[in-house]
Amino acid sequence: MGFFADSLNRIQPSATIAVATKARQLQAQGRDIISLSAGEPDFDTPVNIKEAAIRAMREGKTKYTDVDGIPELKAAIAAKFKRENGLAYETSQVSVGTGGKQVLYNALMATLNPGDEVVIPAPCWVSYADIVLLGGGKPVFAPCRIEDGYKLQPATLEKAITPQTKWFIFNAPCNPTGAAYSKGEVKALTDVLMRHSHVWVLTDDMYEHLLYDGHTFWTPVQVEPGLYERTLTMNGLSKAYCMTGWRLGYGAGPAPLIKAMCKLQSQSTSNPSSITQWAAVEALNGPQQFIEQHNKVFAQRRDLVVSMLNQARGLKCPKPEGAFYVYPSCEGLIGKTSAKGVRIANDEDFVTALLDEEGVACVHGAAFAMSPFFRISYATSTDALEEACNRIQRFCGNLR
Ligand code: PLP
């Protein structure tokens with residue numbers, strides 16, 4: 001009988017956090033490292049949002065609040081859903097947590113029983129499967145092929161659903177692939193879901209605003225209102241509003257689910273920071289133009305990275321519609337040996353040797369449940385990206 005909980009043995013530490021930590025440690029030792037591992041914009045939080053936080057502190061808005069959000073923020077979130085997604089929610093259908101991660105965590109922990117299955121399109125964000133496992137559920141990966149632009153095909157979804165399926169997790173634009181879906185592509189998936197009325201939908205819309213080349217965002221309930229009674233639409237401020245460190249996420253869905261999530265949060269973290277909540281009111285209600293400005297820069301960086309990676313020997317990199325990631329295949333390099341004599345047997349060997357030999361930090365595809373690939377975050381300066389891609393080209397060119 002060990003001291004630690006058995007449930008802890010079911011999960012892994014976050015691989016993206018581990019790579020970022022290793023890159024920082026190497027940097028501290030004086031190594032010249034370019035980290036392309038971070039899942040956060042390099043832009044600073046807009047000034048009006050910071051000012052709102054300072055104002056909140058000055059006005060003494062520094063006490064406990066309602067567990068799952070102040071009424072003003074819930075109203076701002078309901079208004080956002082109406083304005084941007086055409087979705088009507090009462091404030092009793094809105095939950096605010098300490099990051100989108102907590103909202104997902106609450107929803108899964110509040111609903112999973114042993115044996116419940118959760119269908120997750122793969123590759124996928126690192127935390128979904130581990131949270132499901134922690135909650136005693138079973139992740140069921142639905143593979144998304146590079147040939148399909150990493151988009152889930154309706155037949156694959158159909159095949160993954162069983163009588164035990166409790167949730168289907170949808171994430172577009174996707175971390176780690178950047179893949180986004182047209183209205184028709186979302187509809188093809190919601191048509192499948194309409195045939196399986198026992199399956200709930202957890203849509204992670206975190207990258208809603210990070211879309212390029214004129215692509216439009218579609219969230220499942222907007223495309224298929226018939227899913228309203230069994231969907232949690234989740235979103236947050238971390239990515240589009242450059243507020244990763246502030247820790248604020250939210251979700252909207254059926255009131256009984258929201259109430260259950262609040263019960264769990266009341267016995268764990270209680271309310272998200274009062275100061276962050278007031279900043280979030282300003283973020284959602286204030287000017288939004290900076291998002292478009294950031295997107296122009298992100299799209300240019302994406303084009304640079306995709307073009308340079310496709311010039312690297314053995315790599316294949318699709319051009320995604322959104323988020324700030326690309327997910328190249330390194331299949332053409334498996335079995336080769338690096339300049340320093342390291343044999344590349346899988347994508348983890350590839351990113352480890354790339355970090356050791358060229359000082360470029362990326363995350364291996366196995367962390368996102370699909371190999372042999374790796375993820376690059378292009379949310380960093382254009383100069384750093386260009387230098388990193390030059391190093392990747394050199395590393396790949398030297399493989400024998
Ligand atoms: N969902 C996806 C797809 C993400 O990439 C992230 C962050 O990396 C989150 C959720 C969690 O975001 P946060 O907890 O910072 O709001």
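Some observations on this one:
- Counting only DSSP beta bridges with both residues in the chain, the antiparallel share comes to about 45 percent.
- 12 Å beta-carbon shell around Asn285, net charge (K/R +1, D/E -1): 0
- Averaging the sequence gap over all C-alpha pairs within less than 8 Å and six or more residues apart, then dividing by the number of residues, gives the chain a relative contact order of 22 percent.
- Cα shape, the range 1-46, gyration tensor, a/c 1.5 rule: oblate
- Relative contact order for the range 63-285, counting Cα pairs under 8 Å that sit 6 or more residues apart, in percent: 28 percent
- Residue pairs, from the table Lys63/Lys263; Lys138/Lys259; Lys22/Lys263; Lys138/Lys316; Lys50/Lys101; Lys61/Lys166, whose Cα atoms sit over 28 Å apart: Lys22/Lys263; Lys138/Lys316; Lys61/Lys166
- For the set Asp213, Asp42, Asp349, the ranking by accessible area, highest first and with no ligand, DNA or RNA atoms included, is Asp213, Asp42, Asp349 under a 1.4 Å probe.
- Ligands, DNA and RNA left out, the accessible area of the range 63-285 computed with a 1.4 Å probe is 56% carbon and sulfur.
- Within the assembled protein chains, the solvent-accessible surface assigned to Phe4 is about 150 Å², based on a 1.4 Å probe.
- Three-way shape call for the chain based on the alpha-carbon gyration tensor, with the a/c threshold at 1.5: prolate
- For the range 106-204, accessible area per residue (1.4 Å probe, heavy atoms of protein chains only), Å²: 35 Å²
- Rounded to the nearest 20, the Cβ-based charge dipole of the chain about its Cα centre (Lys and Arg +1, Asp and Glu -1) stands at 300 debye.
- Cα shape, the range 118-197, gyration tensor, a/c 1.5 rule: oblate
- ³J(HN,Hα) computed for each position of the range 85-97 - Karplus, 6.51 cos²θ - 1.76 cosθ + 1.60, integer Hz, glycine/proline x: 10, x, 10, 9, 10, 7, 5, 5, 9, 10, 10, 10, x
- Largest-first ordering by accessible area, 1.4 Å probe, given options Val305, Val140: Val140, Val305
- Neighbour net charge for Ser238 - beta-carbon separation under 10 angstrom, K R +1, D E -1: +2
- Carbon-plus-sulfur accessible fraction, the range 312-400 (probe radius 1.4 Å, protein heavy atoms only): 44%.
- Estimated from helical segments only, the mean residue ellipticity of the chain at 222 nm is -12000 deg cm²/dmol, where each DSSP H run of four or more residues counts as -39500 (n - 2.57).
- 20 Å Cα-Cα reach of Lys159 towards aspartates and glutamates, excluding residues that sit fewer than 8 places from it in its own chain: Asp116, Glu117, Glu147, Asp148, Glu185, Asp191
- Other residues whose C-beta falls under 10 angstrom from the C-beta of Ser371 contribute a net charge of -3, scoring Lys and Arg +1 and Asp and Glu -1.
- Summarising the amide proton neighbourhood of Leu248: residues at separation of 5 or more, or on other chains, whose placed amide H is nearer than 5 Å comprise Gly99, Gly100, Leu237, Ser238.
The values are calculated or read from the model by the stated rules, or taken from the named source; none is laboratory data. Quick caveat: nothing in here was measured; it's all calculated off a predicted structure. So basically every Cβ, Gly included, is an ideal-geometry build from the backbone, and we count neighbours across all protein chains shown. We work out accessible area using only protein heavy atoms, side chains counted, and drop any ligands, DNA or RNA first. Shrake-Rupley method; radii C 1.70, N 1.55, O 1.52, S 1.80 Å.
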